[in-house]
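Chemist: Below you'll find the structure I mean.
Only the coordinates and a few stated rules stand behind these numbers; no lab work does. As the structure is a computational prediction, the values presented were derived from the model and not from experiment. Methodologically, a virtual Cβ is constructed for each residue, glycine included, from the backbone with ideal geometry; neighbour enumeration extends over all protein chains shown.
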Amino acid sequence: MRDFTCPRCGQRLAFENSLCLSCGSPLGFSLDDMALLVIADTGESGHAGAVDADQYQLCANMHLAECNWLVRSGHGSLLCASCVLTRTRPADTDTAALAAFAEAEHAKRRLIAELHELQLPIVGRDEDPQFGLAFDLLSSASEQVFTGHQNGVITLDLAEGDDVHREQLRIAMDEPYRTLLGHFRHEIGHYYYYRLVAPSDDYRARFGELFGDADADYQAALDRHYRDGPPAGWADDYVSSYATMHPAEDWAETFAHYLHIRDTLDTAAAFGFAPAGASFGRKMLGPSGFDTIIEMWLPLAWALNMVNRSMGHRDLYPFVLPPAVLEKMRFVHTVVNEITA
């Protein structure tokens, strides 16, 4: 994630800011510019970094989802490029679920921004009614909700936004890491398998070599995983124990970790503690591109883990990347690069 500043006064800003606390300027995030812009009164927007309030407005979900993204006025939807992808949300009367909904939308906006940076296709249900991307953000407090992906629809249980609930699940499932953003990155991996890998004979063949049979019986794999647990020695070949369950989950877990690494490197580069080449703005081209990413990532991850320990926190990136996992991730990198070339 980039290092943002106020175009008017230079104050440093976070991705979520809708107001500059230094000069009081109203701000909105422009996905096209990957920048926070000042929303100026008519006639005052004639400088770089400002947009006219008559032409742009904040997303209609500004209050409901605490969204600070800009929408061009008079051009169809009043929802931004992220919020428009949400198909289902809690009822207006469900105040507890709506608070969790806002937290989930915060994480989703970070996901969409990274996908945009990587130039990955974001095809919604308006373009592809059967398999386009959509999000159902629902609370299990009032109905049964299973986080997952099916035919382009990503469902998220909003209970995951509750720190206590999520931590209890993390411990119960013996996971080293569990976050809302992590869920989104995992589930979007399933979406991109069907969007990018499945249509290609070459990609499907390579997928089979690295991950196994994508069409293997999922329910049987699920039952086996929760009955027997991961196989002995799994850490030599998989990025997480959950990845051992089924080739589709191995792909999704690996894809999520690729997104973890790329975004963290980009943020570190923006703040000067990773090489400038770690940013999304520098294309990692050719066979050496992935090697360069990993060469930058490993010392950074180690340093960040040590910083976290100095504050009494768990490791920021509590994972090991053995050679077999790196080969799988290299394939993810290849697909991302070739699709966006």
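Chemist: Helix 323-340 sits at what angle to the longest principal axis of the chain, using alpha carbons and giving 0 to 90 degrees rounded to 10?
Modeler: Once rounded, one gets 40 degrees.
Chemist: Using the Cα gyration tensor of the range 117-259, with a ≥ b ≥ c the square roots of its eigenvalues, what is the shape: rounded (a/c below 1.5), prolate (a/b larger than b/c) or oblate (neither)? Mind dumping the intermediate values first?
Modeler: Details: a/c = 1.69, a/b = 1.05, b/c = 1.61.
Oblate is the answer for the range 117-259, as a/c is 1.5 or above yet b/c matches or exceeds a/b.
Chemist: Normalised by the number of residues in the chain, what is the relative contact order in percent for Cα pairs under 8 Å and 6+ residues apart? Walk me through the numbers on the way to the answer.
Modeler: On the way: 490 pairs, mean separation 38.8, N = 341.
Dividing the mean separation by the residue count of the chain yields 11 percent.
Chemist: Right, here's the next one. With each run of n ≥ 4 DSSP H residues scored as -39500 (n - 2.57), what mean residue ellipticity at 222 nm is computed for the chain after dividing by its residue count and rounding to the nearest 500 deg cm²/dmol?
Modeler: Result for the chain: -13000 deg cm²/dmol, rounded to the nearest 500.
Chemist: With the Cα gyration tensor of the range 182-244 giving a ≥ b ≥ c as the square roots of its eigenvalues, does the rule (a/c under 1.5 for rounded; else a/b larger than b/c for prolate; else oblate) give rounded, prolate or oblate? Don't jump to the answer; show the numbers that get you there.
Modeler: Values: a/c = 1.73, a/b = 1.53, b/c = 1.13.
Cα axes put the range 182-244 in the prolate bin.
Chemist: Kindly write out, for the range 114-127 in residue order, the coupling ³J(HN,Hα) from the Karplus curve 6.51 cos²θ - 1.76 cosθ + 1.60 (θ = phi - 60°), rounded to whole Hz, with x marking Gly and Pro.
Modeler: Along the range 114-127, the couplings run 5, 4, 5, 4, 7, 6, 7, x, 10, 9, x, 5, 5, 8 Hz.
Chemist: Residue by residue, what Karplus-based ³J(HN,Hα) values in Hz, rounded to whole numbers, does the range 62-74 have, using 6.51, -1.76 and 1.60 with θ = phi - 60° and x for Gly and Pro?
Modeler: Values, residue by residue: 3, 8, 5, 10, 6, 8, 10, 8, 8, 10, 6, 5, x Hz.
Chemist: Also, quick follow-up: Determine by what factor the alpha-carbon radius of gyration of the range 256-331 differs from 2.2 N^0.38 Å, reporting the quotient.
Modeler: Details: Rg = 12.6 Å, N = 76, 2.2 N^0.38 = 11.4 Å.
With N residues counted in the range 256-331, Rg over 2.2 N^0.38 Å equals 1.10.
Chemist: Moving on to the next point. If packing is taken as the average count of other Cβ atoms within 10 Å, what order do 220-227, 97-104 fall into, highest mean first? Before the final figure, lay out the partial values.
Modeler: On the way: 220-227: 12.6, 97-104: 20.2.
Ranked by mean Cβ neighbours within 10 Å, highest first: 97-104, 220-227.
Chemist: While we're on this one: Output the relative contact order of the range 14-136, whole-number percent, from Cα pairs under 8 angstrom with separation of 6+ residues.
Modeler: Values: 168 pairs, mean separation 21.1, N = 123.
The value is 17 percent.
Chemist: Can you run phi through the Karplus equation (6.51, -1.76, 1.60; θ = phi - 60°) for the range 4-15 and list ³J(HN,Hα) in whole Hz, with x for Gly and Pro?
Modeler: Going residue by residue, I get 9, 9, 6, x, 8, 10, x, 4, 6, 10, 9, 3 Hz, with x marking Gly and Pro.
Chemist: List the residues, sorted by chain then number, that are 5 or more residues from GLN150 or on another chain and whose placed amide H is less than 5 Å from its amide H.
Modeler: Under 5 Å from the amide H of GLN150 lie the amide H atoms of THR155, each far enough along the sequence or on another chain.
Chemist: For Cα extents along the principal axes in Å, the choices are [x] 66, 47, 46; [y] 77, 56, 43; [z] 67, 43, 37; which was calculated from the structure?
Modeler: The listed entry that was calculated here is [x].
Chemist: State whether the range 202-341 is rounded, prolate or oblate according to the following rule on the C-alpha gyration tensor (a ≥ b ≥ c being the square roots of its eigenvalues): a/c under 1.5 gives rounded; otherwise a/b larger than b/c gives prolate, and the remaining case gives oblate. Can you show the working numbers first?
Modeler: Values: a/c = 2.66, a/b = 1.34, b/c = 1.99.
Oblate shape, in that a/c is at least 1.5 and b/c is the bigger or equal ratio.
Chemist: Turning to a different aspect of this structure: Determine the percent antiparallel among the DSSP beta bridges restricted to the chain, to the nearest 5. Mind showing how you got there, number by number?
Modeler: Values: 13 of 25 bridges.
Around 50 percent antiparallel, to the nearest 5.
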